[in-house]
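The values are calculated or read from the model by the stated rules, or taken from the named source; none is laboratory data. All of these numbers come straight from a predicted model, not from anything done at the bench. Using ideal geometry, Cβ is built from the backbone for each residue, glycine included, and neighbour counts are taken over all protein chains shown. The protein model used for the area step is the full one, side chains on, heavy atoms only, and it has no ligands, DNA or RNA in it. Shrake-Rupley method; radii C 1.70, N 1.55, O 1.52, S 1.80 Å.
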Protein chains: 2
Amino acid sequence: MQTIDLSSLEKEVSYNSDGLVPVIAQDAKSKAVLMMAWMNKEALGITLRTRDVTYYSRSRQKLWRKGETSGHTQTLVDAQIDCDGDTLLLLVEQIGGACHTGAPNCFFRQIKL
Amino acid sequence: MQTIDLSSLEKEVSYNSDGLVPVIAQDAKSKAVLMMAWMNKEALGITLRTRDVTYYSRSRQKLWRKGETSGHTQTLVDAQIDCDGDTLLLLVEQIGGACHTGAPNCFFRQIKL
């Protein structure tokens, strides 16, 4: 595993044309994939500084601290960036359900193969 | 876990304005998150029909059967769609490294918190 210092992180992150990067949240203990959401530069900075995972809501067009209304917060445990810098993977400690539906994670619909 | 039939899947998938949906590939055994890539409707159809995971390459603007040149294929084991239909999670059997760099997965760069 390579490591990247916070001071050199920004030049490694490849934001899309909307200034956003997709973020996968994975439960640090169970390894379940909880959800996928988006961050802008500010949300990523707050997340890394405070460890309170904070996304950017594309529908509401504003920062969204996970759990700010539900109490179902995510605390950052570990953070990884992919080979070409256009996706982040966060290992988190999830309080309550990660999904806004109340489900433990957002992937509760299985496609019948 | 709810189930969705293949016949009713298309109306559940929310493609973005480019006709693409982000797809997280997770190792079915180790639960490691391997990579994130994109599918269009055709790639998703091929993947579900053949179980050979096939993405859409945004840079090459064409279908890309994972492992077609490297041999590092992904075989679909299980597929889930998230609460609002804009992300897919595929459980796969990965042959060789999932990353084009040869690494086991694309998330080999850890951000030093």
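For the stretch B:23-55, list whatever residues lose no less than 50 Å² of accessible surface once every protein chain is in place, relative to that chain by itself, with the probe at 1.4 Å.
When all protein chains are present, B:I24, B:V33, B:M36 each give up 50 Å² or more of accessible surface.
Averaged per residue, what accessible surface does chain A expose to a 1.4 Å probe, in Å²?
Here the residues of chain A average 48 Å² of exposed surface.
Roughly how much accessible area, to the nearest 100 Å², goes out of reach of solvent when A and B pair up, both sides summed, probe 1.4 Å?
Result for this pair: about 4200 Å² buried.
Using label points projected 7 Å from each Cα along Cα→Cβ, tell me how many nm separate B:T75 and B:R49, to one decimal.
2.1 nm
Quick one: in the protein assembly as shown, what % of C-alpha pairs are over 24 Å apart?
Value for the protein assembly as shown: 41 percent of Cα pairs lie more than 24 Å apart.
Considering Cα pairs under 8 angstrom that are at least six residues apart, work out the relative contact order of chain B and quote it in whole percent.
25 percent
What does the charge dipole of chain B about its Cα centre add up to, to the nearest 20 debye, if the Cβ of each Lys and Arg holds +1 and the Cβ of each Asp and Glu holds -1?
500 debye
Take peptide A:84-95, look around each residue's Cβ out to 10 angstrom, count Cβ atoms belonging to other protein chains, and average those counts.
3
For the stretch A:2-113, take every pair of Cα atoms, bin their distances at 10 Å starting from 0, and report each bin as a whole percent.
So the P(r) values, bin by bin, are 14, 48, 31, 7, 0.
Mind checking the angle between helix A:41-50 and chain A's longest principal axis? C-alpha axes, 0 to 90 degrees, to the nearest 10.
For helix A:41-50, the angle is close to 80 degrees.
Quick check: at a probe of 1.4 Å, how many percent of the accessible area of chain A sits on carbon and sulfur atoms?
C and S atoms contribute 46 percent here.
Kindly write out, for the stretch A:11-21 in residue order, the coupling ³J(HN,Hα) from the Karplus curve 6.51 cos²θ - 1.76 cosθ + 1.60 (θ = phi - 60°), rounded to whole Hz, with x marking Gly and Pro.
6, 8, 7, 9, 6, 7, 5, 8, x, 10, 10
Given the protein chains as shown and a 1.4 Å probe, how many square angstrom of B:R51 are accessible, to the nearest 10?
Accessible surface of B:R51 is approximately 90 Å².
Provide Rg and Dmax in Å for the stretch A:47-112, with only Cα atoms included in the calculation.
Reported Rg and Dmax, both Å: 13.1, 41.
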